[in-house]
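J.: This is the structure I want to talk about, given as structure tokens.
The values are calculated or read from the model by the stated rules, or taken from the named source; none is laboratory data. Predicted model, so just to flag it, every value in this text is computed and none were measured. Virtual Cβ from ideal backbone geometry, glycine too; neighbours counted across all protein chains shown. Calculation scope for accessible area: heavy atoms of the full protein, side chains included, ligands and nucleic acids excluded. Shrake-Rupley method; radii C 1.70, N 1.55, O 1.52, S 1.80 Å.
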Amino acid sequence: MIKNNIFTIRKLLPSPVTIVAVSKGRTVDEIKEAIEAGITDIGENRVQEAVTKYRELLAPDSQLPAIKWHLVGHLQTNKVKEAIKIFDLIHSLDSIKLAVEIDKAAAAINKVQDVLIEVNISGEQSKFGINPSEAIGFIKRLTEYKNINIKGLMTIAPIVNDSEQARPYFRKLRELKDKINELQAPNFKLLTLSIGMSDDYKVAVEEGSNMVRLGRVIFSRQ
Ligand SMILES: *Cc1c(COP(=O)(O)O)cnc(C)c1O
């Protein structure tokens with residue numbers, strides 16, 4: 001089932017789009033099945049759950065190909081040290097306080113941590129992420145942190161009845177990325193747009209997403 005889901009989705013998406021299989025609440029065996037079907041990127045939203053699965057998947061007898069780990073959920077500063085050890089990409093940088101901690105923890109292990117800036121594009125109070133109007137100033141301040149590498153932007157669309165209703169939010173995020181890139185800061189270009197989940201990934205890709213975060217459409221019976 002997981003394999004079929006992945007083959008079906010892969011056929012629908014242009015090849016530059018990275019599929020992050022979001023495996024929160026799923027077992028290591030389910031993750032293995034996804035990897036066997038060609039998934040190279042695994043997403044988790046809790047650090048502790050990810051660490052446990054990471055260790056199991058990387059057991060010395062494991063025959064699995066190397067995969068990339070993504071933190072798609074909110075990151076608390078007291079979890080940063082653990083997170084830095086395993087995640088290739090953190091999708092949820094949204095405060096200077098968090099940036100300070102990431103930079104410090106990454107420097108301590110000689111790592112440059114790839115991150116995405118989480119933007120609260122819909123402005124809903126319940127959501128994490130920086131306000132779009134603050135994005136440029138925020139990114140300018142981040143350039144002083146040498147152990148952080150900003151790869152792009154991430155957002156979570158509001159819950160809507162029809163995925164078409166998410167389109168304007170995705171478009172706004174792409175326009176924000178373009179605007180930031182027009183500033184042409186030296187050595188700096190945002191390339192990644194992490195938008196689109198199970199209910200709205202097709203619309204997100206039409207609006208320029210090159211990284212979709214998929215849970216249910218991969219791991220549930222369709
Ligand atoms: C759970 C989760 C997803 C995947 O959600 P689905 O709707 O199951 O595809 C994507 N992004 C984040 C941040 C999540 O927490």
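J.: Just tell me which lysines come within less than 23 Å, Cα to Cα, of Lys11; anything on the same chain fewer than 8 places away is out.
T.: Straight-line reach from Lys11, under 23 Å: Lys3, Lys32, Lys68, Lys202.
J.: Report the calculated FRET efficiency for Leu64 and Asn110 (r = Cβ-Cβ distance, R0 = 30 Å), to the nearest 0.05. Please report the intermediate quantities before stating the final value.
T.: Numbers: r = 26 Å, r/R0 = 0.86.
The calculated FRET efficiency here is 0.70.
J.: Here's something else I'd like to know. For the range 1-55, just list the percent of Cα-Cα distances falling in each 10 Å bin from zero outward, please.
T.: 23, 54, 21, 2
J.: Same structure, new question: What list of ³J(HN,Hα) couplings, whole Hz, do you get for the range 140-147 from phi and the Karplus terms 6.51, -1.76, 1.60, once you set θ to phi - 60° and write x for glycine and proline?
T.: Here the 3J(HN,Hα) series is 4, 5, 6, 5, 7, 8, 6, 9 Hz.
J.: Can you give the longest run of the chain that contains no GluC sites (Glu not before Pro) sitting in a DSSP loop with at most 14 other Cβ atoms inside 10 Å? Write out the running numbers ahead of the final one.
T.: On the way: sites that count: Glu124, Glu144.
Segment 1-123 is the longest.
J.: Which residues' amide hydrogens lie under 5 Å from the amide hydrogen of Asp41, considering only partners 5 or more residues apart or on another chain, with H built in the peptide plane?
T.: Under 5 Å from the amide H of Asp41: Ala21, Lys68.
J.: Taking the Cα centre as origin and putting +1 on Lys and Arg beta-carbons and -1 on Asp and Glu beta-carbons, what dipole magnitude results for the chain, to the nearest 20 debye? Write down the numbers at each step before the final one.
T.: Details: 32 positive and 28 negative charges, 49 e Å.
In total the dipole reaches around 240 debye.
J.: Can you work out ³J(HN,Hα) from phi for every residue in the range 193-201, in order, using Karplus 6.51 cos²θ - 1.76 cosθ + 1.60 and θ = phi - 60°, giving whole Hz and x for Gly and Pro?
T.: Per-residue couplings from phi come out as 10, 8, 9, x, 10, 3, 7, 9, 5 Hz.
J.: Let me ask something else about it. State the percentage of accessible surface on the chain attributable to carbon and sulfur atoms; use a 1.4 Å probe and exclude ligands, DNA and RNA. Write out the running numbers ahead of the final one.
T.: On the way: 5560 of 11510 Å².
The C+S portion of the solvent-accessible surface of the chain is 48 percent.
J.: Another question, then. Please find, in a Gaussian network model of the chain (springs between Cα atoms separated by less than 10 Å), the residue of Gly25, Gly152, Gly208 whose mean-square fluctuation is greatest.
T.: Highest fluctuation of the listed residues: Gly25.
J.: Need the C-alpha centroid separation for the range 46-68 versus the range 194-222, integer Å.
T.: The range 46-68 and the range 194-222 have Cα centres separated by 23 Å.
J.: Using amide H atoms built in the peptide plane, which far-off residues or other-chain residues are under 5 Å from Ser92 H to H?
T.: Leu116
J.: If you wrap a convex hull around the alpha carbons of the range 107-222, what volume per residue comes out, as a whole number of Å³? Spell out each step's value before the answer.
T.: Details: hull volume 14.9 nm³, N = 116.
Residue-normalised Cα hull volume stands at 129 Å³.
J.: I want to verify a result. In a Gaussian network model of the chain, Cα cutoff 10 Å, which of these has the top mean-square fluctuation: Phe188, Phe87, Phe170?
T.: Most flexible of the set in this elastic network: Phe188.
J.: Take every Cα-Cα pair in the range 147-205 and report what % of them are more than 12 Å apart.
T.: Everything past 12 Å amounts to 66 percent.
J.: May I pose another question? Treating only the Cβ atoms of Lys and Arg (+1) and Asp and Glu (-1) as charged, compute the dipole magnitude of the range 1-133 about its Cα centre; round to the nearest 20 debye.
T.: Numbers: 17 positive and 17 negative charges, 7 e Å.
Roughly 40 debye for the range 1-133.
J.: Using every Cα-Cα pair within the range 1-137, state what percent have a distance larger than 24 Å.
T.: Values: 3503 of 9316 pairs.
That tail contains 38 percent of the Cα-Cα pairs.
J.: With every protein chain present, what is the per residue accessible area of the range 1-146 (1.4 Å probe, Å²)?
T.: Numbers: 7570 Å² over 146 residues.
Accessible area per residue: 52 Å².
J.: If you don't mind, another one. Could you pull out every residue, at least 5 positions away or on a different chain, whose amide H is within less than 5 Å of the one on Gln113? Hs are placed 1.01 Å off N in the peptide plane, and Pro or chain starts have none.
T.: Amide H neighbours of Gln113, under 5 Å, 5+ apart: Ile148, Asn149.
J.: Next question, about the same structure. To the nearest 500 deg cm²/dmol, what mean residue ellipticity at 222 nm is calculated for the chain from DSSP H runs of n ≥ 4 alone, each contributing -39,500 (n - 2.57), summed and divided by the residues?
T.: Numbers: 9 runs with 85 residues, N = 222.
Calculated at 222 nm, the ellipticity per residue is -11000 deg cm²/dmol.
J.: Along the positive direction of the dipole of the chain (beta-carbon charges: Lys, Arg +1; Asp, Glu -1; about the Cα centre), which of Leu193, Leu93, Asn161 reaches farthest?
T.: Leu93
J.: Provide the per-residue ³J(HN,Hα) series for the range 49-55, in order, calculated from phi with Karplus coefficients 6.51, -1.76, 1.60 and θ = phi - 60°, each as a whole number of Hz, with x at glycine and proline positions.
T.: Rounded to whole hertz, the list is 4, 5, 4, 4, 5, 4, 5.
J.: Right, another one. So which residue, out of Ser133, Ser209, Ser92, gets the largest mean-square fluctuation from a GNM of the chain using Cα contacts under 10 Å as springs?
T.: Per the Cα network of the chain with a 10 Å cutoff, Ser133 tops the list.
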